[in-house]
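Visitor: Below are the C-alpha cells for one structure; questions will follow.
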Amino acid sequence: MINVLIADDHQLFIDGLKAMLQGVNGIRVIGEANNGKEAVSFCSQNEVDLVIMDVNMPEMDGVEATKELCKRDSRLKILGLSMHLDRNYISDMLKSGANGYLLKNTGKGDLLKAIKTLNRGDSYVSDEVNKLLLNSFFKNTSRYQVDEKLSEREAQVLGCIANGLTTLEIGEQLFISKNTVETHRKNLLYKLKAKNTAELVNNAYIKGLIY
C-alpha cells in the first residue's frame, strides 16, 4: 500500500485528488496539508510514502518543504504538482529533491502512472514537462557544463539524443560509428543513473548540467 499525503493550499483541489484516488488498489490517501509546514509536520508524525506537493503554497512553499522532507527522509517520494509549465519552477522542484513533476491539468491515468513510477524508485515527468526539458537542453547545448565524469564527446552525444536524433543520425553528425554511439549512450545512462531518454535529460537537469 502506498500511503499518500496531498499538500495544496486549495481545498477544492485536494478534494478532487482524493476523489480521483479513492478506491484505487494499492494507493491510500492518509492525510492532507494546506502549506509546506503542515506537510513537514504531518510526515514527521505519520508513515508517508509519497507526497503530492503543490509548488506554490503560503508559509512554506513546495520547494522549501521538499528540501526539508528530503533531508529528514531520503526514502520519501515527492511528486511536484503545479499549474505552471515553467522551466524555473520545474528546475527548483527537481533540484530540491522532487522525484517527478506533473501539471495540474493532468488526467487520472498520468497521475496513477506517476505515483507507481515514483514508488518503484524511478523518476517521472509529464509529456509537456519532458518536452520543455528537451527543448531547453537543445537550446543551451553551447552552455553545457561538462561534468568531470562526462567527456566532451559524451556531452555532444547527449545533446543529439535530447534533440531526438537516432543512433544512425548521431553517428553521421558526429562522424563516428553506430557502435561508438551506442557505447556513449550506455555510458551516459550509467553515469547519469537513467533508464531512458527522459530520465537522462531529467537527471542532467537536476545535476545542474542544463540551465
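Visitor: Would you please name the residue that is most open to solvent (accessible area, probe 1.4 Å), looking only at residues in segment 165-192 that are of a type in the set (D, E, K, R) and modelled with pLDDT under 85?
Guide: Of everything passing the filter in segment 165-192, GLU172 is most open to solvent (accessible area, probe 1.4 Å).
Visitor: Any residue in segment 8-20 that is buried (at least 18 other Cβ atoms within 10 Å of the Cβ) sitting within a Cβ distance under 6 Å of a residue that is in a helix (DSSP H, G or I)? List the pairs, counting only those 6 or more apart or interchain.
Guide: Matching pairs, first to second residue: ASP8/ILE14.
Visitor: Run ASN196 past the list (1) buried (at least 17 other Cβ atoms within 10 Å of the Cβ); (2) within 29 Å of LEU81 (Cβ to Cβ); (3) modelled with pLDDT of 75 or more and report the number of the one that doesn't hold.
Guide: For ASN196, the exception is condition (1).
Visitor: If you don't mind, another one. Select from segment 134-164 the residues that are at pLDDT 65 or above and in a helix (DSSP H, G or I) and list them in ascending order.
Guide: GLU152, ARG153, GLU154, ALA155, GLN156, VAL157, LEU158, GLY159, CYS160, ILE161, ALA162
Visitor: Does VAL129 count as of a type in the set (A, V, I, L, M), modelled with pLDDT under 75 and in contact with a Phe, Trp or Tyr (Cβ under 6 Å, 6 or more places away or on another chain)?
Guide: Details: of a type in the set (A, V, I, L, M): yes; modelled with pLDDT under 75: no; in contact with a Phe, Trp or Tyr (Cβ under 6 Å, 6 or more places away or on another chain): yes.
Judged against the criteria, VAL129 is not a match.
The values are calculated or read from the model by the stated rules, or taken from the named source; none is laboratory data. Every value quoted in this text rests on a predicted model; they were computed, and no experiment measured them. Please note: Cβ atoms are built from the backbone with ideal geometry, for glycine as well, and neighbour counts cover all protein chains shown. These accessible areas exclude ligands, DNA and RNA; they are computed on the full protein's heavy atoms, side chains included. Shrake-Rupley method; radii C 1.70, N 1.55, O 1.52, S 1.80 Å.
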